[in-house]
Structure formats: C-alpha cells, structure tokens
Amino acid sequence: MDEMLIVDYGSQYTQLLARRIREIGVYSRVETPMSATLSENVKGVILSGGPQSVYDSQALKLPQNLVDSGVPILGICYGMQLIVHEFGGVVKKGETFEYGLTRVNFFDDAFFKTSSSNVWMSHGDSIERLPDAFMKIAESEMGVIAGMRSKDGKVYGLQFHPEVSQTVGGMRILEYFVLNLCKAKPQWKMEDYANSKIEEMKRKIGNSKVIAAVSGGVDSTVATVLTAKAVGKNLKCIFVNHGLLRKEDEEVPKVLSKLGIEVKVVDASKLFFENLEGITDPEKKRKVIGETFIRVFEEEAKKINADFLLQGTIYSDVIESAAASSTSAKIKSHHNVGGLPKEMNLKLVEPLRELFKDEVRVLGSTLGIPKSVLNRHPFPGPGLAIRVMGEVKYDRVKILKNVDEIYTSLLKESGEYDKIWQAFSVLLDTRSVGVKGDQRAYGYVVALRAVDSAEGMTASWHKMPYDLLRRISSTITDKISSVGRVVYDVSDKPPATIEWE
C-alpha cells in the first residue's frame, strides 16, 4: 500500500504526526535521518520538529537521498529550518520565541483553505531569509515566517505543528499534503494493525506463558484482550494492588471478570509503601515503583514458569521517557518505560507501544470492548504516588483517595465527566491557614486538575463551570477536615505536563 515516510529529528510529536497520517488512512513509517530509506511505496516525506538548532555542532542533517528522490517533502518546525539552512537561506538563532497558540496569516489558498488561523508554535530559532528557490506562504502576527514552498511546488515548510489538536485546520493541511500533493491512496485501517500485532505476538511468544499486568485502565485492558487473541490460555492476568489506587480501581477485578478476563489479585501495598519511604523526588518515585512492580511480577511468573510480561505501554509513555528516539528530550520516566530496572528476568510484550490514547480506544472498539471501559479517564501506573507531592505516606494517600472520590463523583453526577479527557486531584506538601467553625484551621492544600486533549501529548485546561467548581470545592472542605484550601490548575501542556510529577 502507499505510505508516507516520517523522518524523526527528536520531536515530542513525531509519533503523533505518524498517528495523524494513519488517521487519514495512509500507512506511515518513522525512521531516523541516519536510517531513512525510500521504497517504491513512499509517496512523500515529512521532516519532524526537534529540540536542536541547525547551528548545533551535532545537528542532524537532511538526507540527500530524500532530496534527490523528487517526492514531495514537508518540513515541520526544525524540519523547515533545516530545509532553509541546507538550501542556502538564513535561520536566525534564538531571538524571537513563539510557544503555544499563535495567530498566523496564510497566503496560499490551495494549501491552507483560509486566510488566517490559530496554530500551535514551539520554537526558539526562526527563519530570517528564505532560499532563492522558495516563497513565503504564511506569517505569524509577530512577523515570523511561518510557512514556505519551493517555486516548483515540491518542497513545503511549516514553522508550526499541524499535527497537534490545538492547530485549527491542522488535519486539513496534512490531508492536502498527503492526498493531493503526494497523491497517496488511503488504504490503511486499524483492523490491519490489530491483525498484524496478533500475528507478530504469535511469532514472538510461541507456546510460552505470559503474565499480564492489568490495572483496569484503557491501555492494559486493550492490551490484554488483544494478546489473549494471540496466545489464548497461556495469558495469565495479575492485578497488583500497590495501595496507591483510587477507590474505584479497587473494583477492577470484578469489572474485568465481566469481560471474560480472570484475574489473580496480589496485595503488595505494604511492600510499595516500605520502598517509597523517605523518597520525595518524582523521578526516584517512578523508578522505585517501576522496579517494585517488576519484582512482584517476577515472583508471580516463577509460580507458572512464565517468560513474558505484558504491559499496556503507549507511545506518550515512551516519548516522555525519551525511549523513542536518541534525540528526544526526557520529560519524566514513566514507571513502565524509563522506570524499569536494567536487570529483568521477564521479556516484555508491549503491543500498544506505537499507539496514542485515542488510537488505543479505536483499537479497543475494534476488539469489541465496551465504551464504559474505553471512556474511563487515564490513570497513571504509579497511581496516587505522583499525585501526593513529597513523601508518600499512607495517611496522605488516604486523604487524596477521599478527595478524588468526591471530585470524580460530582463530575459524573453533573455530566461534566464525559466532556473532560482527564480529571484528577493533587495533594500538595504544604498547608494553609483557614477558618472552620470560627476557629483557626491549618489544613492541606488540594489542587484540582482537568484537561481537554485528544492524545495526551498536548492539552488545554478544561473550562469548568463556576457553579460546579464551587460545589466541588465546598464539598471537599466540608467533608474532609484535613483539607483547608482547594485551587484549580489552569496550566496548558506545554508548558506544564498533565500530571504534576
């Protein structure tokens, strides 16, 4: 089938870009600049963004074989700057910065279909002068060149990111490039991905036994159902209660049993709290939790002679842990990626590693998993440990469990829950003076977080109705005596991440 080649320069959004192309219906393949090769099926090339400057001594270059191929090329952010630099233009180093939503004016009706729009910018360097063979087709309100094309119409560049959901009309831009300029035929479907992964796991696992790390979340459930189709009864599901779950998650085994998935429950909460004692650094928390999980699963694997461990790792976990590319910046080590110990007795099976959350839900629907499971808000593997700021203690986790139960139940009761991509609460490691019953109170501060997103790589804070926010806040402080103040987080991603740690 026709395909698009994406050259990865280390952007946090590279696999999101690949996912967007697949969403159009065209198969996409990601390779590094050093390994980028063209096959006869490649109809076009997209150069991703990245953290480097074209002036860095170790800056990644533009593969000459791609330029010589004659197929259409689209450079995004660093990819655009690289084209300018290699073709004789001038890139200005770090004087005009643009981050987040930016208004851009467009001068190419065929490519953009509109005269102006809000787009997602994330760059420090900017283009000062285009190469002679290029013309400007977009400009930001700050006067920065935001789009270009070669005069022969073969090479395009965008300073902004059309692949993120915040760019208005971003998918339309990508569709025009892929379908109209590259003339790629939309022939790829999610069913193809599912079938190829099932066959891949059959070859990899053979007759060996697999331990499945199930949490009841979307990712682990979809991974479990998919893997069960490949290995059948050789899949053994383990639910580890690490004591850091929300109250609703403690019912996970019952929920999974209704899907025909039998689960063994292992209570390891005491071990996790012991291992986390005295630790306040978020990276150390994640690594301790990741290693403790593995050691628990290794003990369970010995009992049934299992060789493999199934995890519901998705691509946003991989990207933020800098495990996707040698040029990506590490944001934080997810317990199931960067938090894993170097020495393990189990081989990993991660069938969702190349997918984002929204894509996992599409796959789950393809597999027949109910919407009630697929539409649950994401919940991190380290659980409440990364939502309790500072040291993880049993009494503080208990407070946060109660806060979370109130927050979630009121969101569901009001109908707001299904409008939000992810909502949760955070217990700060500070206290605040207040007044309760005409007396001085000195209670914990709780932060409420709710974001709108499609894939988790970018997110906007959710505009919560004021009346509901007031009700949630007053209910928390009324019912939980140890909490004296509630704040609402209005930070987008970037610059913040969705989780606080």
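The values are calculated or read from the model by the stated rules, or taken from the named source; none is laboratory data. Given the structure is predicted, the values throughout are model-derived calculations rather than measurements. Positions of Cβ are backbone-derived with ideal geometry, glycine not excepted, and every protein chain shown enters the neighbour counts.
General remarks:
- Residue match in region 40-48 (condition: touching a residue at least 24 places away in the same chain (Cβ under 8 Å), part of a loop (DSSP other than H, G, I, E, B), more than 20 Å from PRO131 (Cβ to Cβ) and not aromatic (Phe, Trp, Tyr)): yes
- Of all residues in region 227-259, those satisfying the criterion of being within 27 Å of ILE386 (Cβ to Cβ), touching a residue at least 60 places away in the same chain (Cβ under 8 Å) and of a type in the set (A, V, I, L, M) are ILE238, LEU244, LEU245, VAL255.
- Under the condition of being farther than 17 Å from VAL486 by Cα, in contact with a strand residue (DSSP E or B) (Cβ under 6 Å, 6 or more places away or on another chain) and free of Cβ contacts under 8 Å to residues at least 40 places away in the same chain, the residues counted in region 415-455 number 1.
- Qualifying positions in region 24-48 - surrounded by 19 or more Cβ atoms within 10 Å (Cβ to Cβ), under 11 Å from MET4 (Cα atoms) and hydroxyl-bearing (Ser, Thr, Tyr): TYR27, SER28
- Test: residue in region 168-178 that is touching a helix residue (DSSP H, G or I) at 6+ places or on another chain (Cβ under 6 Å), under 30 Å from ASP307 (Cβ atoms), in a helix (DSSP H, G or I) and not acidic (Asp, Glu): no
Matching residues to (1) of a type in the set (A, V, I, L, M, F, W, C); (2) under 22 Å from LYS284 (Cα atoms); (3) under 29 Å from the mean Cα position of the chain (by Cα); (4) assigned to a loop (DSSP other than H, G, I, E, B):
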site	(1), (2), (3), (4)
ASP395	no, yes, no, no
SER409	no, no, yes, no
GLU413	no, no, yes, no
VAL426	yes, yes, yes, no
VAL433	yes, no, no, no
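- SER372 being of a type outside the set (Phe, Trp, Tyr) and within 20 Å of SER215 (Cβ to Cβ): yes
- Of everything in region 443-474 that is under 24 Å from VAL433 (Cβ atoms) and among the small types (Gly, Ala, Ser), the residue that is surrounded by the fewest Cβ atoms within 10 Å (Cβ to Cβ) is SER474.
- If you check LYS302, LYS254, LYS284, LYS229 for being more than 25 Å from the chain's Cα centre (by Cα) and at pLDDT 90 or above, only one passes: LYS229.
- SER208 under 25 Å from the mean Cα position of the chain (by Cα) and not in a strand (DSSP E or B): no
- Pick from region 475-501, criterion of a type in the set (Ser, Thr, Tyr) and more than 17 Å from the chain's Cα centre (by Cα), ranking: surrounded by the most Cβ atoms within 10 Å (Cβ to Cβ): THR477
- The number of residues in region 3-39 that are in contact (Cβ under 8 Å) with a residue 40 or more places away in the chain and more than 15 Å from LEU174 (Cβ to Cβ) comes to 6.
- In region 274-308, the residues that are under 12 Å from ILE386 (Cβ atoms), outside any helix (DSSP H, G or I) and in contact (Cβ under 8 Å) with a residue 12 or more places away in the chain: ILE279, THR280
- Flag if PHE112 is over 21 Å from VAL67 (Cα atoms), in contact with a helix residue (DSSP H, G or I) (Cβ under 6 Å, 6 or more places away or on another chain) and of a type outside the set (Gly, Ala, Ser): no
- Region 373-387 - residue that is outside any loop (DSSP other than H, G, I, E, B) and farther than 17 Å from GLU250 by Cβ and, of those, modelled with the highest pLDDT: ILE386
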